[in-house]
Each structure stands twice: as structure tokens, then as C-alpha cells.
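Some notes on the structure that comes next.
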Amino acid sequence: MFKKYLFYFLSLPLLSNTITIDGELNEPEWKTAHKITEFYETSPYTLKKYKDETVALIFSNPDGIYVGFINYQDESTMLSKKTMRDEMSSLSEKNSINIDFDGNGTKAYIIAVALGDSLFDATKIQSGDFKTDWDGDWIAKTKKYKDYWVSEFYLPWNVTLMNQSSQKKRKINYTALRYRTSNQAWVSSAGTMAMRSDYFQNLTPLEIDNYTKSKLNFFPYLASNKNSSTNMQETNVGAEVFYNSGKGDQLNLTLNPDFGQAESDEVIVNFSAQETFYKEKRAFFNENQSLFDISNYNRYSVINTRRIGAKPSYDCATEANENECNQSKKSYTDIDFALRYTKKMDDNQFGVFAAKESDEKFSTGREYYALRGKSNIDNKTLGYMLTHVIDDINHSSSTVKVIDYINVKSEQLTTYFDLLSTEKDGINGEGLRAQYTYKPNKLSRNSGSILYFDKEFRLNDFGYLQRNDWFHLGVGHNIEKIDFAKDSNVILKEFNIDINYDADTDGNSNPYSIEQKNRIEFKDTSKFKYDLSYKSSGKNTTITRKNEIYPYVKIKDNFSITGDYEAPNYKYWTYDWRISFDKASKYNTWNSKGYKKRFFKIAGSIFPNDNLKLQSEFRVKKEKEWLNWIDANNLAVYDLNQRIVSFNLNWFRGNKHEIRLKSQFVALEAKRPRALFTDVSGTLLDLDKEISSFSNGINSFQIRYRYEIAPLSNIYLVYTKGGNVYEEDDDRSFSKILKDPWENPDNEILSLKFRLKY
């Protein structure tokens, strides 16, 4: 009985006074809703009128916006496979509503439900980025019938921050979409999808009744963690507050949060000079964060919230109790508070962000601040952002300033421009991004970009930058073919070519690259891709880590070919594979036999029923003359052999219980080393020096149980185990390399987390 009343109380903010979200569409309001009956095939992009009858309905009332779909289809062909949120399967029928709530073409929300009630949501911003980090406070239900199935959505007025006005009507831009598993085709009422460059220009305008509604949500939580490897145990109690005034203001505040992840990161082995970028998975930093998102693919992001709560800085050598200091080192930093405030005013937006890490016994927490403003003028968007970081323990501070500009010149042409400057400890740096996309017709796209970051540009205190001291030019062309004979097994061919030129700011040219990619999709839902790539000889300006005397290494030209195959989705299983081969020319200056790399991957999935999915994957990479930096101008080449084994399991019991298992095991061997050095001209030469071979074993294992009390209210029980074992002059077998990190873990954590919504 208690459980019943608790569920009702926690769910109350999401329940309409008049509409029950149950997949039935039997309330009288649906009879007067705006009706959509014409849909066009958008994947593949034929724009053919869809034959299977589909009806979408939209209306609003004081509670929110309601969307319903009636999808006519024989019941025997309806497929539904349960998935994690934002991890929807191609083996489930789906409906989606995409809405630009402000109707100004700057941001849209992609909200989808699969038959079986698996949810997906994401954001699409004008600059082109598509992100699944956002989890909105909305609900949807589906229901099967004999000759059709129904989906029903409820989007509260405060599901996100919207422009507010005194007008009785609100203009939104939207498209309604349906996905059929039988041919893996998407159909859209507006003839567009979020992946397309002309997406915002082709959304359909609609006027609906406008209302305002405030929201105050309080999320108390309890987190208890016990690390068996370090014998450390922590219990945190904190809270998050989300307030939406319903008049264009939103405040997000968290106090003493536990920002430990309920989901582990992927294992990435990285020996390069470039930092690995990890996606944000913590709920607080993904809510209402898009205003502060200035980024360009994986090249840079002005704010990378993974910096907050990252590993603290220590200077144990200066401490009188140095041993105690070393023993107290942690891989994360506790956080005192984080705050975000945003406001929308017609065509203007404003936001502030602040976060303060906790002071530890041997470390001082960092402070993070951001200020953001953005204005929309016709088809143009102009923005400004200022960030500032204070790092007392390192006696350092850094400031970043950005002016960003987007101009939608037409449905065919859009231009982007970012002007960036940094100041760190009195040293100033400059950066620039200029980019365009041009779409001459529905099946082709041209693009080009320029990036420039000088030697003193510093973004990584709060943001992320792939590299500085960087000049980049890139152009690309993409074309699709969709017209095939009726008896052809092919439904889509895609051709893409990219040409990229990179150099440092002194003009030292990296190898330029030409990449040609091809994709073919077949009627049986299988896919095949093959990529050809050529890199010229040139100067690698990153491997020596910006050494002033030895700034680059000359490398030889390289050719690679890669093939990918995805099998049809059979009833209970599917598989895919990849093979690739790289080859580079021999060096004359040292005893080179020429670089070679071979890669192979095989992966498979089994889904014995709608609620269970098992995945496994095996990867092998072998490299001859793998070049690795040691220090200064000293390098080494190895024969590299790497194997990765992974296994995942997702199991669902109804809509409330969820078990997820993720595991990755990595075994890397670097054998037969040869010492090299580079002279001031970048030429690689033999070095009479002994270099050790090495092995590296890494594992990441996590099993997570989640119970959903109500939407956005969850209980987590998580067991995480991970290790990293590095050995030199090692003759261990691969099985031993895989086993050692498991037997000697760095972390073995059992966590219990409660996060409740009031």
C-alpha cells in the first residue's frame, strides 16, 4: 500500500488532469486535435509518400503538449525489443516527435518511444550537433491492437526552458516520424530528419494554444560507496533543485552532490599526445546545458563538464607527512555545489554557471564559472561566452572568451564562425573556426572548414581541445543514390570524399589526407561499407609533445582500406564484422621493413525475447613498426598485438526493473622494441639504446541494477571493478595479461544510490 501511494505522489507532476497516458487515445480532446496524415520516406531519402496509413495528432492544454500516433500494421509484423534509455534497437517499431518549441530554428528536441515503451530523447542545435545526453521529464506509452498500434506522448510545458509571451498562441516547428522494422525505413511528416543539414528549414510550423506552467522539483539522494581495493567507504547525502518559472527562467542547483557515475566509461587505450574525450553521463550537467554548448565535432568544446570533479592536484613532495598525502590520493574530487541559471526573452537568451569543488586535506578544490548570452536576428544567431577557472593549488587561473555566429543564408547554405581567445597566467592565445555547409539538392552536400589555434591557446582547464598550435583546412562532398530498379536488392548507395590538410602554426605540414567512404544498404536490412584512405608523407607535429628543439617527426605516406558489414536483423540474432589493412613505405634512415597494421572485429547480438539482449565482441589489432614516444626526441618502434574482449547484457523485467552488465578486457603486447631518435630535421635514426618490451592489461566490469520508482526517481545498486596492470620485459600469455587486472584491481566498488523526485 505504501509503495502504491509513494508512486502516485512521485508521479503527480507528470499526470494530466484530463488525459491518461496509456496508449488508448480515448479522451474527447483527441477528436479535435491537429491531424497529420501525410508522411514521406526520409531514410532512405526518396521522399516517396508512405503507403502504410499513419495518423499523428497534436494538441495542447494547460498541462502541456500531447502527441498521439495511430500506426496501421498487421499485428504479426509488430516488433518490440526493450532497450536502455537512448539506446533504441532497430528491431522495434518507433514513433518520434521532433519539436522546436520556440519556433526560431535554433534548437529542437527529438523525443521518441519504441513499441514496448523504451524511451529516447536528444537535442539538435543549429550548429549541427546531435546529442543524446539530455533526459527530459516526459512520458510516453504504447499499446498493440489487432491491425494497428498506438503511441501516446505527454510533454509538460516545463519539460524544457521555452520562450514565453503573453500571446494566446504559440508557434512551434515540428515533424512527426515513424520507423518500420520490416525495411528499416523512417518516414517524416515534414520530409526531413535530424541528421540532415536542412533540418530546421524544413520543419512544419504549427500554432497551438499557449500556456505557462512553473515547476519546482526537489531531488534528494543518498549515495554509499565501499571500495574493497582501498578500504575506503563514503556516504554522501545531498540534493538537487530544478526550478522553472514558466516565464522563461530556469534554475538548477545541487548541493554536496555525489557525482559518481551509475554507468562506466568505455575502455580506450591511448598512447598518443591527444587527450581522450569522454561524454558527460551525470544528470545534473546534462539538464538545460545546451545554451553553453559551443563545440565542433570532437575537435573542441568550450565547456567540458567532465573537468568538474576530476582528479585533484597534489604536491605531496612539499608535505611534511608525504606518505599520508600519497595514500590519500583520489581519482575524483568531491563537489560543494554547482549552479546553472538560464533565461529566455523573445529572441535572446542569457545564462550563468558556477561550480565549486571541495577542499581536501592535501588538495584545494577548483572553481568554475561561465557567462553566456545569445541573440537571434532573422536567420542569424550571435552569441558570446566567458569562462573562468581558479586553481589555487597550482596558483593558476584561466579565462576563455568566445564570439560565435551562425548565418542560415538559405535552405541550401549555412555558415558558422567562432572567434576564441584565452588567457592563462598572463599568457594570451587566439583561436578561429569558420565553416560552411552547402546543399545544392536533396541528395548531395558540400562542406568546408578552417580551424586555427595558436601555440598559446589554452582551452583544457574547463573545455576540451584536440590540439593547439594547429592549422586545419578541410573540404568534403557527399552524394546519395536512391533510384534503383524494382528487382534490385539495393535501396541506397552513398559516396563521400573528404580532403584534409593540417599543419602547425609555423607551417610544418602534417600529412594531408584523402578519405573516400562508400555505403550500401540492401532490402534485407543488411549494410556494407568500405573506406579508402591515403595520407601523404609529411611531418607529425604532435608525437614529440611540442618539443621546442625537435618539433616534429617525418613520416612516410600511408594507404588503408577498411570493410564493414552488418548482417540482416534475424528474428533472434544478428552480427557484424570489420576488417582493415594499413601499409606505409619503408624508411631509408633506419632498418625499416615498412609499417603495417591489420585489424579485425567480429560482434554479435542475441535477443531470445523482447526483454533480454546479450552482446559480445572480439577485436584484434596487429601493428608492425608501431611508433611510440618515450621522452624528448627519443622514440621506439614495436610489434604491437592487442586484443579486446567485451560482453554486455541488458535484461528488463517490466518497465521498472533493469539489469545491465558491461565488461571489457584489454590485453596489449609491445614486443621486439627498437630504439630511435629524431634529429632537428625530423629524420628518424637508429639509436644504440636498450628499450624494454611491455604489456598492458586493462579491465572494466560493471553490473548495475536499477529500479524505477517513478519517472526520474530511481534506486541503483552498482558493482564496479576495474584494473590496469603494466609490466616491462614481460613474457606473460594473453590469458594472463587479461586475468591480472581482474585479480589485482585498482578499484572494486559497491555503490547504493537513491535519487528521488519530489
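Each principal axis of the Cα cloud of the chain was evaluated for its coordinate range; sorted largest first, these ranges are 85, 70, 53 Å. Would you give the gap between the C-alpha center of region 561-575 and the C-alpha center of region 205-227, rounded to a whole Å? What the calculation gives is 39 Å, centre to centre. Shown for Ile549, Ile294: other C-beta atoms within 10 Å of each C-beta, ranked fewest to most, produce the order Ile549, Ile294. To the nearest 10 degrees, how steep is helix 734-743 against the longest Cα principal axis of the chain, on a 0 to 90 scale? Relative to the chain, helix 734-743 is tipped by roughly 70 degrees. The GluC sites (Glu not before Pro) of region 667-720 that DSSP puts in a loop, and whose beta carbon has at most 11 other beta carbons within 10 Å, are Glu690.
Shape class of region 593-736 from the Cα gyration tensor (axes a ≥ b ≥ c, square roots of the eigenvalues): prolate, since a/c reaches 1.5 or more and a/b is larger than b/c. Loop-resident chymotrypsin sites (Phe, Trp or Tyr not before Pro) (DSSP state other than H, G, I, E or B) in region 329-427 with no more than 12 further Cβ atoms inside 10 Å of their Cβ are absent.
Using only Cα atoms, tell me the angle between helix 2-11 and the longest principal axis of the chain; keep it within 0 to 90° and round to the nearest 10. On a 0 to 90 degree scale, this one is about 90. Computed log10 I(q)/I(0) for region 387-499 at 0.14, 0.18, 0.23 Å⁻¹: -0.72, -0.94, -1.20, from the Debye equation with unit scatterers placed on every C-alpha and solvent omitted.
Lys247 sits among other residues whose Cβ lies under 11 Å from its own Cβ, and their net charge, with Lys and Arg +1 and Asp and Glu -1, is +2. Checking every one of the trypsin sites (Lys or Arg not before Pro) in region 583-679 against DSSP loop status and a limit of 10 other Cβ atoms within 10 Å picks out Lys593. The Cβ shell under 9 Å around Phe417 holds other residues with a net charge of -1, Lys and Arg each +1, Asp and Glu each -1. Given the pairs Lys141/Lys613; Lys124/Lys527; Lys107/Lys442; Lys169/Lys656; Lys146/Lys169, which span a C-alpha to C-alpha distance of over 31 angstrom in this model? Check vs 31 Å cut-off fails for Lys169/Lys656; Lys146/Lys169. Cross-linked pairs Lys82/Lys213; Lys583/Lys671; Lys168/Lys374; Lys554/Lys597: Cα-Cα separations exceed 23 Å for Lys82/Lys213; Lys168/Lys374.
How do Ile303, Ile450 rank when sorted from fewest to most other Cβ atoms within 10 Å of their own Cβ?
Ile450, Ile303
Measuring nothing but how far apart in sequence close Cα pairs (under 8 Å, 6+ apart) lie, relative to its length, the chain scores a relative contact order of 8 percent.
Values quoted throughout were computed directly from the atomic coordinates according to the rules given, and no laboratory measurement underlies them. Nothing here was measured: the structure is a model prediction, and the numbers come from that model. Note that each Cβ is placed from the backbone with ideal geometry, even for glycine, and that neighbours are counted across all protein chains shown.
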